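The structure appears right after this line, and notes come after that.
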Amino acid sequence: MMCFFALILRVSLVSAHASSIGTNFLPYSLTLCCCDNLLYGCILALLIRTSWRKKMQRWAPFTFAACSVLVIMERIIHRGTPWTNGFFMPTLGFSLIGIGSASLIAMSLHPPTCAHRLFRLSIFRFLGRYSYGLYIFHYSVYGFLAAPLHNLFVQHLHSRVLGTLLSVGVVAVVSLLLALVSYHLYEIHFLRLKKYFSYCEHTDELRTAKNEAAVSA
């Protein structure tokens, strides 16, 4: 119900021309507008601990593929124009991205899949550890640094492509450094509270699945 409410709210904002009340990013930034994407992760966390686990993981690749194709087709049709100028992406598109992301996570939890092997690579495990900080800080860092850096690089290098790549690179590095500091000074203290919660049942299921995959290989 909340997922449907968030979608209707985004449709309402876009239909009412959100830009006229101050920003094109209201469908993207308001918590009520984004709560469906948060809830997809919650639904996944619940289903993964039920008898629906295997069925969900079986359908996850097809769901991910369908969501990806629809979003890519929309981008091709609109020739990469900013998503704020259209109707599909700020409304149904955001829901498809959320569902596709949840499906990808479900795939990565299933040991025999390519997604599971891919996300076990050290680079992805590193980024996963600091992903919350990256999510929190990247938007503010981008807002403060992207435009000034882009103009500075273009002015000295006389290339918009290089200016864009370098400015995005600096924003990514600064965001990652802030995420590292946040994790080790703040987040890790809350993560230690996990010892007070039991994950034995889920851990045993995952270990069994890994053993079955090893035997079949």
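Take the Cβ atoms of Arg58 and Leu38, set R0 to 22 Å, and the FRET efficiency comes out at 0.35.
Report the gain in length on full extension from Glu187 to Phe144: 0.36 nm times residue separation, minus Cα-Cα distance, nm rounded to one decimal.
Details: separation 43, 0.36 × 43 = 15.48 nm, distance 2.39 nm.
Separation in residues times 0.36 nm, less the Cα-Cα distance, equals 13.1 nm.
No lab work stands behind these numbers, since they all come straight from the coordinates. None of the values given here were measured: they were computed from a predicted structure. Positions of Cβ are backbone-derived with ideal geometry, glycine not excepted, and every protein chain shown enters the neighbour counts.
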